[in-house]
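The values are calculated or read from the model by the stated rules, or taken from the named source; none is laboratory data. Please read these numbers as outputs of a predicted model, since none were measured by experiment. Using ideal geometry, Cβ is built from the backbone for each residue, glycine included, and neighbour counts are taken over all protein chains shown. Just so you know, the surface numbers come from the protein's heavy atoms only, side chains and all, with ligands and any DNA or RNA stripped out. Shrake-Rupley method; radii C 1.70, N 1.55, O 1.52, S 1.80 Å.
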Amino acid sequence: PADGNFVCYNGGSCGRYRWSQTLDEITMYVDVGGGEGGGGGALKGKDIDCCIGRSRLRVGIKAAGAPPAVDGDLHDEVRHEEAVWSLEEGRYVSITMEKRVKTWWKRALVGGDEIDTQKVDSTCRIEDY
């Protein structure tokens, strides 16, 4: 989806990334530049540096000297070995990570803007039971 169409369901927007969450997983949508309106040509998956650790995330472009778009500690631990990422529209990296503990996160990255977890949509689908 285009940057403006990414829904921050139970999440928020913070600088170069947006995020949404369910009780089980967190999805981050990172603007790494390139693509339409990004000043460069469309990027390809091989151009992306995406390092997902148990409690840390780094996303950027592999170009020499390019600082990462996101580089920081996650709010809590994820099952990094199960995480998946994809490049969308040659500019946005979408990362989906399963949380190690099923809980609502107040922020995606340490130091990021916080949400009020008392106001999240905590309804569950019938399939979740």
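Positive end of the dipole of the chain (Cβ unit charges, origin at the Cα centre): among TRP105, CYS8, HIS80, the Cα lying farthest that way belongs to HIS80. Using the 1.4 Å probe convention, the accessible area of the chain works out to 57 Å² per residue with neighbouring protein chains retained.
Using a cutoff of 8 angstrom between alpha carbon atoms and counting only pairs six or more residues apart, the relative contact order for the chain works out to 26 percent.
Accessible surface of the chain, 1.4 Å probe: 46 percent of it comes from carbon and sulfur atoms. Both numbers refer to the Cα atoms of the range 68-129; Rg and Dmax are 13.9, 40 Å.
Rg over Rh for the range 36-85 works out to 1.03, using Cα positions for both radii and the Kirkwood form for Rh.
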